[in-house]
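**Q** For reference, the structure I am asking about is given below.
The values are calculated or read from the model by the stated rules, or taken from the named source; none is laboratory data. Since this is a predicted model, take the numbers as computed values, not measurements. Neighbour counts are summed over all protein chains in view; Cβ atoms, including those assigned to glycine, are modelled from backbone coordinates with ideal geometry. Side chains are part of the model used for accessible areas, which takes the heavy atoms of the whole protein and leaves out ligands, DNA and RNA. Shrake-Rupley method; radii C 1.70, N 1.55, O 1.52, S 1.80 Å.
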Amino acid sequence: MLASIVKPGTFRHIMCRNNVYPRSNVTRFSVPDDLVFWNVPYESYCPTCYTAPHINGQTWADEPLPFEVKWNQNDGLVNRVSFHGEYKIKNGLPQNPIGRTGLCGRGLLGRWGPNHAADPIVTRWKRDENGEVVSHENSGKNILQMVAIQRSDNKMWAIPGGMVDPGENVSVTLKREFTEEALNFDDKGNMVEQFFKQNGEHVYSGYVDDFRNTDNSWMETTALNFHDDDGSKVGQLQLQAGDDATNVRWTDISGDIKLHANHADIVREVAVKRNAHW
């Protein structure tokens, strides 16, 4: 399982270090690879604390601390449980379980601690003009395609996922986000509903190497693969970018794919499960 890759001590977040925080002029405090983990002393570590001004007062966001919080558990409808076990609370603030990011506060994220998302990886087999499945000339394995969106914030291609609303079942999030991000219409709603009712295969649950992460707020996701084996369902739909996407397409999956955060690592797990080209 990919989860073994992201346990503290073996995984270093990269996207959320050593750069200017997105949509701001705030520079992260330098965090070299050997000083990422909290158990490694870093006496000069003094990150700027930053929470984007527009976050405060939003219905989907926490209040500024201090306020009464139930850490590491369900706090009313808000899920504050991390897939990586119990995270530490230091000076009243939750501590990123993977390590230092060079910035404290919430940044662009709504919740202190884990911010939960859901990522539907919708796939089909690549086919030629005769409808035959295409295999890769080098590996000999069939080529898998996935629905990818181009994010509006950093222009990178990504899995069409989104945030889990408070109290929402992840299965509902998966269908909603795919429809909003990649379809943007309702005339095939019943077919899409039935497609997502099939048992999506669990691929990953855990930390996301997201460029918005901070020392006190971070992204975690649940990813499921929904596969249209004969391409007769979602594989036939006309994709249309919607919501926060600027573009959408069927993308060939391979080891060369470049995606937002650590989405490529997650997609690789799908290729392995399907015995597809990578």
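**Q** Of the residues in region 49-58, how many are surrounded by 15 or more Cβ atoms within 10 Å (Cβ to Cβ) and either outside any loop (DSSP other than H, G, I, E, B) or of a type in the set (K, R) (or both)?
**A** Final tally of qualifying residues: 3.
**Q** How do the pairs read when you match residues in region 174-203 that are under 12 Å from V122 (Cβ atoms) with residues anywhere that are among the charged types (D, E, K, R) and modelled with pLDDT under 85, using Cβ under 6 Å and keeping only pairs 6 or more apart or on different chains?
**A** Matching pairs, first to second residue: E181/D243.
**Q** Taking into account only those residues within region 204-232 that are surrounded by fewer than 20 Cβ atoms within 10 Å (Cβ to Cβ) and either without any contact (Cβ under 8 Å) to a residue 60 or more places away in the chain or at positive phi (or both), which is nearest to the chain's Cα centre (by Cα)?
**A** G231
**Q** Residue check: is S152 open to solvent by 30 Å² or more (accessible area, probe 1.4 Å) and at pLDDT 95 or above?
**A** No: the conditions fail for S152.
**Q** Out of E181, E201, E220, which single residue is modelled with pLDDT of 90 or more and over 30 Å from V36 (Cα atoms)?
**A** Of the residues listed, the single one that is modelled with pLDDT of 90 or more and over 30 Å from V36 (Cα atoms) is E201.
**Q** Among the residues of region 75-112 satisfying the criterion of being without any contact (Cβ under 8 Å) to a residue 40 or more places away in the chain and closer than 19 Å to E63 by Cα, which is least open to solvent (accessible area, probe 1.4 Å)?
**A** Once the filter is applied, the top-ranked residue is R80.
**Q** Condition first: assigned to a loop (DSSP other than H, G, I, E, B), among the polar types (S, T, N, Q) and within 20 Å of the chain's Cα centre (by Cα). Now tell me which residues in region 73-90 satisfy that.
**A** Of everything in region 73-90, just one residue is assigned to a loop (DSSP other than H, G, I, E, B), among the polar types (S, T, N, Q) and within 20 Å of the chain's Cα centre (by Cα), namely S82.
**Q** Please identify the pairs in which a residue from region 49-65 that is within 9 Å of G105 (Cβ to Cβ) and touching a residue at least 40 places away in the same chain (Cβ under 8 Å) has its Cβ atom under 9 Å from the Cβ atom of a residue that is open to solvent by 80 Å² or more (accessible area, probe 1.4 Å) and aromatic (F, W, Y), counting only partners at least 6 apart or on another chain.
**A** Note: no pairs meet the criteria.
**Q** Failed condition for R28, given (1) among the charged types (D, E, K, R); (2) open to solvent by 70 Å² or more (accessible area, probe 1.4 Å); (3) farther than 25 Å from T173 by Cβ, with all others met?
**A** That leaves (2) as the condition not met.
**Q** Related question: Taking A264 and the conditions (1) at pLDDT below 95; (2) among the hydrophobic types (A, V, I, L, M, F, W, C); (3) touching a Leu at 6+ places or on another chain (Cβ under 8 Å); (4) assigned to a helix (DSSP H, G or I), which numbered condition does it fall short on, given that it satisfies the others?
**A** Result: A264 passes all but (3).
**Q** So for region 59-69 (the condition being in contact with a Pro (Cβ under 7 Å, 6 or more places away or on another chain), open to solvent by 20 Å² or more (accessible area, probe 1.4 Å), in a loop (DSSP other than H, G, I, E, B) and closer than 24 Å to F211 by Cα), does at least one residue qualify?
**A** No, region 59-69 has no match at all.
**Q** Turning to a different aspect of this structure: On the basis of being at pLDDT below 95, β-branched (V, I, T) and crowded, with 17+ Cβ neighbours inside 10 Å, does V36 make the cut?
**A** Yes, satisfied.
**Q** Let me ask you something else. Scan D215, D230 and give me the residue that is over 16 Å from H116 (Cβ atoms), out of contact with any Ser or Thr (no Cβ under 9 Å at 6 or more places or on another chain) and among the acidic types (D, E).
**A** Checking each option against the conditions leaves just D230.
**Q** Consider region 91-104. How many of its residues are farther than 9 Å from C16 by Cβ, among the small types (G, A, S) and over 20 Å from the mean Cα position of the chain (by Cα)?
**A** Final tally of qualifying residues: 1.
**Q** Say we look at region 239-256 and pick out the residues that are open to solvent by less than 20 Å² (accessible area, probe 1.4 Å) and in a loop (DSSP other than H, G, I, E, B); which of these is nearest to I121 (Cα to Cα)?
**A** I253
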